[in-house]
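Quick one: this structure, given as structure tokens, is what I'll be asking you about.
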Amino acid sequence: VARNASVSLSNRGTARGAQLVGAVPNGETADTNIYAIVAGISDYAGEQLRLNYAAKDAEDFAKALEIGAVKYLNDPKKVHIRLLTSNSDRTAARFSVPDAKTYSAAKADIERAFEDFKGATSKDVFIVYLAGHGVALYTGNTPNAPSGSTYLYLTQEATTADASTLRLDNSRRAMTVSGDE
């Protein structure tokens, strides 16, 4: 359940129950780092997949996250951001934290961002924000496909969002990041 500081507003919670999470008192974040992988794709290889705001939304989210994380942890060296964007002007997003990098939104760069943060621990906060096209894919018993149902986030290389194409192992691996991955 998310609540504001005065507890006058809250969300509806979840069917699984609620856990009260409050702000951490000063000094209790000594071992905490914040890791964020923020992706936004507006321009895809497939012309029919174009979006207007996904890349800009990701850039804005990453910048807002940086501001809040630095204020929360009071240490810019503990804030680690990877912005993956289809925006060709990757220098537009300027960060003040020393471990912020901007990559393309290609599948290899998304994988690299996760690899960059493989040292995150259970004491850390790990945020993944994906703006762009996605496909919920039911594969059933398709050979070499993810089992059952999976979510696919289309990477910048995507030429289609057609489920029949994405059921093919080579197409899916080349153009998406799956929930299984």
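The values are calculated or read from the model by the stated rules, or taken from the named source; none is laboratory data. This one's a predicted model, so the numbers in the text were calculated from it and none came from an experiment. In case anyone asks, the SASA skips ligands and DNA or RNA and just uses the protein heavy atoms, side chains included. Shrake-Rupley method; radii C 1.70, N 1.55, O 1.52, S 1.80 Å.
Report, as a whole number in µm² per second, the diffusion coefficient that Stokes-Einstein gives for segment 78-117 at 20 °C and 1.002 mPa s using the Kirkwood radius over alpha carbon pairs. Walk me through the numbers before you get to the answer.
Working: Rh = 10.5 Å.
The diffusion coefficient I find is 204 µm²/s.
Something else: Quick one: pull the percent of accessible area on segment 58-123 belonging to carbon and sulfur, 1.4 Å probe, ligands and nucleic acids left out.
Ligands and nucleic acids excluded, carbon and sulfur reach 53 percent.
Lys pairs in segment 35-181, Cα-Cα under 22 Å, at least 8 apart or on separate chains: how many?
For segment 35-181, the number of qualifying lysine pairs is 16.
Continuing with the same structure: Students sometimes get this wrong: rank TYR53, TYR153 by accessible area, probe 1.4 Å, all chains present, largest first.
Per-residue accessible area, sorted high to low, gives TYR53, TYR153.
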